[in-house]
Amino acid sequence: MPKPQSVSRDRVVALLAAATQRRVAVVGDAMLDVYLHGDVDRISPEAPVPVVRVRERRHALGGAGNVAQNVRAVGAHCHLVAAIGDDPGGTRLCSMLGEIDASVESLVTVERPTTTKTRIVARSQQVVRVDEEEDADLDGAEVERLLAAVAQAVERADALVLEDYNKGVLVPRVISAAIQAARAKAIPIVVDPKYRNFFLYRGATIFKPNRRELEAALGAAVDLEHPKALPATFERLGVDNLLLTLGERGMMLIASDGEIMHVPTTAREVYDVVGAGDTVTAYLAAILSAGGSPAEAAVIANYAAGVEVGKLGAATVSPEEVMEAYDAAAVEGSDSGTR
């Protein structure tokens, strides 16, 4: 596997350019994020809580929706398969996807509210978050409609993302059908898992939990300095590559043959880590769809993550910003080599 800076500039440029001609199917839990920004001047007379006078209301795509908009930011086409409610939140989510030219034809309307997370923020501090959702597994006719949408989206795709937030879309039948369809087409599969179905993603190209999620699922600590137990982990997971996100330590890509590549963080300033994982997932899928290796995809996604954490909130990262980060890292590496 290449070291981070050994992916040549020409190769990065070529992969980013090729990605703009590819299609990525994103299957998972889409959410609507609502931010209410205001001021606090007094405590409520009704209860010992602050009264927030709202000055601004902002909407953002969350969950699989944020992955979809990051795929579009790369320049790739995106088909999002997700469940929404027949409600204002679902309407708003569709409208926002339309604004970024992401396909909405694979969204399935179900008899539950659109997952909506409302954050009330005063003086740059989050006061409270309100979640409106039903997170039980979907079943019956709604799953059948999801399966039809998955089959159609994967048929058109050059890569598949499974983005699980345990909100009911990625039930075992949907996971199995999506992976089988993608493997039949021989397209790469990127999985961002959660605890509920952690061991149901056999066949994934890149499996991307964070270290805490992996350890919780395995019921044991993972010693990355002495990874002798990793073969047994791969046997349980049945995936080709494990990409562990390690926060300020960057990422570690571990292949099923035991080869390990550490990708150190490239972030210069960290303002907000929210959404960085979605950016990584989107770039992994886009670069793999363009013909990049898992190692090349991890390196490029790491540069994208380094840019994203320098922005406030869940933000997107353009190929131009990735190249700026790559060039800056190359200059810093050259400077340090001459000292």
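The values are calculated or read from the model by the stated rules, or taken from the named source; none is laboratory data. It should be emphasised that the depicted structure is a prediction, and the values quoted were computed from it without experimental measurement. Cβ placement follows ideal geometry from the backbone for every residue including glycine, while neighbour counts extend to all protein chains displayed. SASA here: full protein model, heavy atoms, side chains in, ligands and nucleic acids out. Shrake-Rupley method; radii C 1.70, N 1.55, O 1.52, S 1.80 Å.
Points to keep in mind about this one:
- Of all accessible heavy-atom area on the chain, the percent that carbon and sulfur account for (1.4 Å): 50 percent
- Within the chain, percent of DSSP bridges classed antiparallel, to nearest 5: 50 percent
- An ellipsoid equivalent to region 140-260, defined through the eigenvalues of its Cα gyration tensor, has semi-axes of 27, 15, 12 Å when rounded to whole angstrom and sorted largest first.
- Accessible area (Å², 1.4 Å probe, nearest 10) - Arg173: 130 Å²
- GNM remark for the chain: springs join alpha carbons under 10 Å apart, and the peak mean-square fluctuation among Val81, Val104, Val121 falls on Val121.
- The residue list Val309, Leu160, Ile120 was ranked by how far each Cα lies along the charge dipole of the chain toward its positive end, using unit charges on Cβ atoms, and Val309 comes out on top.
- Listed residues Thr118, Thr91 arranged by accessible area, highest first, probe 1.4 Å: Thr91, Thr118
- Dipole of the chain, positive end: most advanced residue of Ala325, His37, Ile84 [Cβ charges, Cα centre]: Ala325
- Rolling a 1.4 Å probe across the protein heavy atoms gives the chain an accessible surface of 45 Å² per residue.
- Length-normalised contact order of region 16-127 in % [C-alpha pairs under 8 Å, at least 6 apart]: 34 percent
- Most to least accessible of Lys311, Lys167 (protein chains only, probe 1.4 Å): Lys311, Lys167
- Using the empirical formula 2.2 N^0.38 Å as the baseline, the Cα radius of gyration of region 113-188 reaches a ratio of 1.45.
- GNM top mover of Tyr165, Tyr195, Tyr303 - the chain, alpha-carbon springs below 10 Å: Tyr195
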